[in-house]
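The values are calculated or read from the model by the stated rules, or taken from the named source; none is laboratory data. Predicted, not measured: the structure shown is a model, and the values here were computed from it. Cβ sites come from the backbone with ideal geometry, for glycine too, and all protein chains shown count toward neighbours. Please note that ligands, DNA and RNA were not included when accessible areas were found on the heavy atoms of the full protein model with its side chains. Shrake-Rupley method; radii C 1.70, N 1.55, O 1.52, S 1.80 Å.
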Amino acid sequence: MRNILSNTSLASLVVRLGVLSALTVSIALTTLGYVAVRNAVQESALEKLSFSVDRHSRNLTSSFREMQLNARFLATTPDVYDAARLIDANGAVSPDPSSKAEQARHRLEQTLASFLAERPEYTQARLIGAGPNAPELARVNNKGGRIEIVPPEELQDKGQEPYMRAARSLWPGGWHLSDVTLNRENGRVEPGSRPTIRGVFAISDDWGDVGGYIVLNADYPALVHRAIEYVENGVELHITIDQGHLMAISADRLRPDLIFNDEIEDPESHATAHLAVAPHHETPGMHEQDGFIHIARETRLDGGRTITVDVQIEKSVLLAEANKKLMVIGAVAAVLVGLITLAGLLIGRWLARPLTRLAHDVNQPRSPLEPLRLKVDGYQEIRLLADAFEQVSEDLAREGRNAETIFNSAAEGILLTDEHGTILRANPAALRIFETEEAAILGKNVTALMPERFRSNHGRHFASLPDRQGTLRLGGERGVFGLRANGEEFPLEASINQVKMEDRTTIIAVVRDVSERRAREEQLAQQARELEWRATHDQLSGLLNRRGIDEAIRTYADDVQDVTLIQIDLDRFKHVNDTLGHEAGDAVITAVGDRLREIARPGDNIARMGGDEFLLIRNGKDEEATKTFAEAAIPVLSATVEFNGRPCRFGVSMGAAGGTVDHLRTGELFKRADHALYRAKGEGRGRFRYFSPEMERRLKDRANLAAELEDAIEADELGIAYMPKVSAVDGTIIGLEALVRWNHPERGTLSPATFLPIADELKLTEVLDAQVLKHVMRDREKWLREGYEVPTVSVNVSARRLLEPNLVKIVEDMGIPRGTINFELLESIFLDDTSEMIAWNIDGLRDMGIGIEIDDFGSGHASILGVMKIRPDWVKIDQAIVRQLPLSETGESFVKAIIDMATPFDISVVAEGVESAHQASLLKRLGCTALQGYHIGRAENAARTTRILNRAGQRAAKPA
């Protein structure tokens, strides 16, 4: 505010403003006056011309139409009509002067003479017959006011005159230009010949029959002179008929320029006379051309004729009056400018003194936080201005105090420097951040507050500030550090802006100590890394888990073409868990993970896939190298692990397959390696197998077999064979075992061992069990209808189905009669599961009267504890144990131990695989309840089983 009044006298400012205002107003008034006058004069002139054109057009149109009306009037008078009726059919008129025809002609001549005497512009009136041979009845001429009646003997006879033929041809055109006097030899217009307007009207009776024509001729120049009373100064008038100029009239005189465009044709010679063709024709409307303004009006008459009236005037003539008025306005404007300028000077000098004192008081030195206090004498307006200055000063001082309060109380540090980086001020927060005093840093460069390694970059950023738009932010992802007074470095963020105030530039830097935030961010980042690690790694072994190996496969390097996948499975790991506890099993998993990391190559991906399954993926595809690695790795990985002083013994089996990265990503390599591992474990465990073409063939064959099995199950093509189970005491049939068979059209009869594992992989076990039960119940009903006493039938069911929550409901819906079916549980290793679902399902099956049998007992699949926990109705000694009898005393002792274990729990024991009478006798002596095997009876289809039941007769036991 002080600078407003510091450099220039306020009085001088006012004077200059006054003069500038005067000039501006005068220029504006002059411009507006010129435009207004010019437009007004043009509009007035144009309106006047337009009115004149309309008047001339109306007058000319009235003249032509009046001629038509006059012709019509004459044609309807009784004298004319009566005279026309006296013409006979041949066009002849009686020559007798006393006849009615001559009397009618005389009256007609008088009527025409009276008509022409009253109208000097008309030069001739005629009555002619209608027919081609009709004569001229009467003709009266007007020669400059002298009326002349043409004698009958001079009239045209029989209508042979070209004029009469042309006149008749005009009807119903109404009117037309007549020919001028032509020189028949050269076709030129005779001197003194004047253009004539000819009007024609038919004489007809009440029925419309035409008896003759009235023809009126008028002098065209006289007709125009009568219509055009005057023409404005500087204006030229053109009258056009049918697009040809007939007459041009200027303001100084009326000149009958015989300029027109018309054609006259001789009916006999057909010669055409072109009379002075017009140079141009104006289009109706208004336009400007070649410095002339044209206004044209066009009127259409009867018969298709048009009249165009064109007025033209030079534009300079039109604006001459405007220029005169503009000179007057210019003089007035000059006087006005002088008066305003003088008034401005007087007002400036009048206001100069109090304003000068006001400017002096405002420019006195003072604190920016101190408001103005002005002493002003004089005019009220100056007092109001001083009050406004004081109010603005008060507001600025208040804002300054507020800004100072904010500066001192801000939570973030604020540094003010000049454009060279010299510190001008620092708020308390900045002093706390840098742990220093204001006196210690004022006057120093801001680089003193940052470590040495950041000072060069700071200078580069500082130099770019003048060209930068917006805020310069330092810190963020790029670490920036500050320096405390004690030499300690700390991370900070800074927002830097430049503010230009008059002749100086101030740099404002807002700084924040982000030490605590960075520590929290690092902690969160570490937690995120740990969570990511946990999500992709096995917590026990520290190896990759399924998700981790999937991500590793997904991000495999593009330059890697071939890879080898090795599946690793621990043998007898469940035994370690069962005998030594799960902590021992965890120790084994940890040890195997550590050993894998030790023997793996750099770049190998190692993962624990779950349970006792491990996986290793390495670059390259080399069967021999992989075999060498596996043979060396198996003894290392399967070495005994000590846990709490007790040895944990287990084995390791491996299966490997090589292929491309695409095979790995699609899962094909997993299938191959898994098949190789399956072969290794099937050949005795503790082995390694590399996927070979022969394995691939078997794998494809297995895949084909799986597809065919789905079709066979869907079509219900599987059959049932029944193997009898007899009492060891008397040999009576006490049960049948239902064995599913697949009579393959190409492979022959397939045993359950061939296709049941496939059905289990395809999740078809439930459907297959339902089909077997359906066949069994159907065969049993048939036997009952035929009068047989059907024993209990045992149906093989996977023990894993005991883990299904809806098993009881499924079996209940089948409607199985009580005591007719036993479930013989396969894969009894699942019975060691402590799940409550197994106990719940077994109780539910027993409630429905379904017996429970354990298959292949003694082969190591199920522990004694697991069997005793479910308390089955039967246990079946595995045929591998029975096959040792009677040669092995160990086998005999083992059978005796199983029978002794089962007897106290009221569990019946059946021995399968009995192939000799000696085995049957020994098993009977050892206490077996029932026998089953080829010695007893082979598995047969339903028809042959019917014959077996028939041969058994009454020895067949009744179902319980």
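Computed quantities for the displayed model
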item: Cut-off 15 Å, label 7 Å out along Cα→Cβ of Arg944, residues of the stretch 750-764 by amide N; result: 750-751
item: Sequence-distant residues sharing a close amide H with His744 (under 5 Å, placed H); result: Thr749, Leu750
item: Amide H within-cut-off set for Glu737, under 5 Å, with H built and near neighbours excluded; result: Met723, Lys725, Ser794
item: FRET efficiency, 1/(1 + (r/R0)^6) with R0 45 Å, evaluated for Ala388 and Met286 via beta carbons; result: 0.15
item: Protein accessible area in the stretch 664-789, 1.4 Å probe - carbon and sulfur %; result: 50 percent
item: Residue-normalised accessible area of the stretch 578-635, given per residue in Å² at a 1.4 Å probe; result: 48 Å²
item: 3J(HN,Hα) from dihedral phi, the stretch 63-68, Karplus parametrisation 6.51/-1.76/1.60, rounded to Hz, x for glycine, proline; result: 4, 5, 5, 4, 5, 5
item: Length added when fully stretched, Ala707-Arg55, from 0.36 nm per residue minus Cα-Cα; result: 223.9 nm
item: Pairs beyond 25 Å (Cα-Cα), from Lys48/Lys315; Lys574/Lys725; Lys700/Lys763; Lys869/Lys896; result: Lys574/Lys725
item: Per-pair calculated FRET efficiency, R0 = 35 Å: Ala519 and Ala557 via Cβ, rounded to 0.05; result: 0.45
item: Sites Ala632 and Ser921, calculated FRET efficiency, Cβ-Cβ separation with R0 41 Å, nearest 0.05; result: 0.20
item: Spin-label pair Glu613/Lys444, simplified geometry with 7 Å Cα→Cβ offset, distance in nm; result: 6.8 nm
item: Point-to-point label distance, Asp760-Leu69, nm (Cα→Cβ direction, 7 Å offset); result: 12.7 nm
item: Gain in span if fully extended, Arg504 to Gln527, counting 0.36 nm per residue against the direct Cα distance; result: 3.3 nm
item: Pair Glu314, Thr749: separation of 7 Å Cα→Cβ label points (nm); result: 13.5 nm
item: Full-stretch length increase - Leu396, Asp418 - with 0.36 nm per residue and alpha-carbon distance subtracted; result: 5.6 nm
